[in-house]
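Take a look at the structure set out below.
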Amino acid sequence: MTRYILHGDGDNFFASCLIAKYPSLRGKPLVVGAERGMVTALSIEAKAIGLARGMPIFEVRARFPEAVILSGDYKLFAQVSRRMHSLIEQTTDAIEKYSIDESFADITEAIEKRRSSPEIIGKEIKERTFIQLGIPISFGIAPTKTLAKLVSTSSKPNGFRVAMTDKELSPILSEVPIEKVWGIGRRTAIKLRARGILTALELRDAPVEILAHFASPIIDIQKELRGTIVHPINKEGALQQSMISSLSFPATTDRTFIHKEFIRHIEHVCARLRKHEAVGRTFTIHIKNSAQELRSETCVLPQHANTPGTYIDHFERLFTRLIKKGERVRTTGICISDIIPQSAANTSLFDHRDVRENEIYATLDQLHKRGLEVKTGTGI
DNA sequence: TCTGGGGTCCTAGGACCC
DNA sequence: TCTGGGGTCCTAGGACCC
């Protein structure tokens with residue numbers, strides 16, 4: 001049975017949030033990203049004068065003195081994001097928060113229950129979010145997530161569009177270059193183009209023989225473009241599969257500094273694990289050097305854990321293997337995966353030190369919750 | 001000890017997304 | 001064009017077991 005899938009996507013989300021909070025910014029060429037030294041978001045006016053994402057901030061200052069340059073306010077963005085999500089949730093609980101400024105929702109039941117239409121229900125959501133949040137969000141309604149994303153994008157800026165039939169969808173798909181289709185990146189686009197597939201419409205209508213040369217994700221995308229759901233709505237609730245912390249700095253060969261950065265990453269991710277009452281087991285550390293090469297080392301812990309001491313024990317071995325003498329390092333990062341709920345971990349296997357460490361960190365987390373700043377060292 | 005086949009975990013990296 | 005931080009999923013070789 002055909003479903004009505006809604007996709008909501010904030011327009012220039014970071015810039016729009018800041019404009020909603022500081023109305024005096026409205027109409028100005030606003031650039032967000034001062035804290036990273038790089039443009040991460042732009043207002044419409046900033047795009048109009050030729051600014052683009054990824055541009056270094058020093059270049060913006062030099063070439064566009066009229067631009068207003070701000071740092072991102074990630075607490076504000078997260079807050080607006082949560083509200084956007086909960087406003088859609090008033091219509092259906094079959095909702096997936098896909099990213100900070102995007103949500104998918106299945107509004108089929110809402111339409112049936114109220115004997116209504118996708119146009120009416122969708123418009124309601126659109127108006128509700130615009131009035132409550134004061135930021136433009138574009139919405140698209142189509143039979144699958146892949147199609148809904150293309151439809152919402154085609155409706156920008158501040159748009160709303162329903163496209164359920166071939167007749168409605170084909171003209172939209174014919175305007176979409178192949179690399180703009182969700183899941184098709186630069187590499188795959190090159191291969192598809194080599195076989196004469198240039199648009200979303202051409203991918204939808206491509207014969208099986210041609211797609212046989214490609215891996216299954218492409219076949220899935222084609223199904224979605226044809227209106228068959230391959231990627232269902234993922235409701236909230238599941239734990240993340242991995243947690244990452246990484247940070248860049250001016251390239252250095254200072255091993256002590258690099259080491260300290262890693263320890264901070266470990267403490268950071270462990271704190272997040274504990275916040276989610278989760279534990280992880282697969283531990284990867286990575287660096288990027290001045291030649292932009294990315295290298296990593298991985299190990300699997302004997303048991304799941306969420307306190308720094310356990311990770312630091314294994315970290316020393318990985319660190320020695322990873323860092324070459326005299327290498328100029330500009331990014332360090334760690335990733336903890338194989339994440340499961342703490343309750344599902346076999347705590348009876350914890351050794352005594354783990355138990356002790358867990359108690360200590362539980363106390364620290366409690367203090368932290370009460371707003372007391374607690375500085376931890378490098379684990380126990 | 002080698003020969004063979006099959007399964008699973010570990011590890012490193014790639015491609016893609018926002 | 002790889003700027004930057006946080007994610008997902010897939011692949012392929014090697015280790016190790018039966």
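Computed from Cα positions, the angle between helix A:255-275 and the longest principal axis of chain A comes to roughly 60 degrees.
Between the helical axis of A:216-225 and the longest alpha-carbon principal axis of chain A there is an angle of about 40 degrees. Computed from Cα atoms alone, the Kirkwood hydrodynamic radius reported for region A:1-162 is 16.4 Å. For chain A, the relative contact order comes to 13 percent (Cα pairs under 8 Å, sequence separation of at least 6).
Remark: relative contact order (region A:165-231) = 28 percent; criterion is Cα-Cα distance under 8 angstrom and separation of 6 or more residues. Net charge dipole, chain A: roughly 760 debye, given to the nearest 20, about the Cα centre with Cβ charges of +1 for Lys and Arg and -1 for Asp and Glu.
For region A:227-274, the mean projected area of the C-alpha convex hull, equal to one quarter of the hull surface, is 6.1 nm².
Cross-link pairs exceeding 32 Å between alpha carbons, from the set A:Lys167/A:Lys191; A:Lys149/A:Lys260; A:Lys47/A:Lys97; A:Lys47/A:Lys235: A:Lys149/A:Lys260; A:Lys47/A:Lys235. The residues neighbouring A:Glu261, those whose beta-carbon lies less than 15 Å from its own, together hold a net charge of +2 under the Lys/Arg +1, Asp/Glu -1 convention.
Close amide-amide hydrogen proximity is noted between A:Ala278 and A:Gln342, each under 5 Å apart and 5 or more residues distant or on a separate chain (H modeled in the peptide plane; Pro and chain starts excluded).
To the nearest 10 degrees, how steep is helix A:308-322 against the longest Cα principal axis of chain A, on a 0 to 90 scale? Long axis of A:308-322 versus the principal axis of chain A: about 90 degrees.
FYI, it's all coordinate maths here, none of it is from the lab. Here the structure is a predicted model, which is why all the values come from computation and not from measurement. A quick note on method: Cβ atoms are made from the backbone with ideal geometry, for glycine too, and the neighbour counts reach across all protein chains shown.
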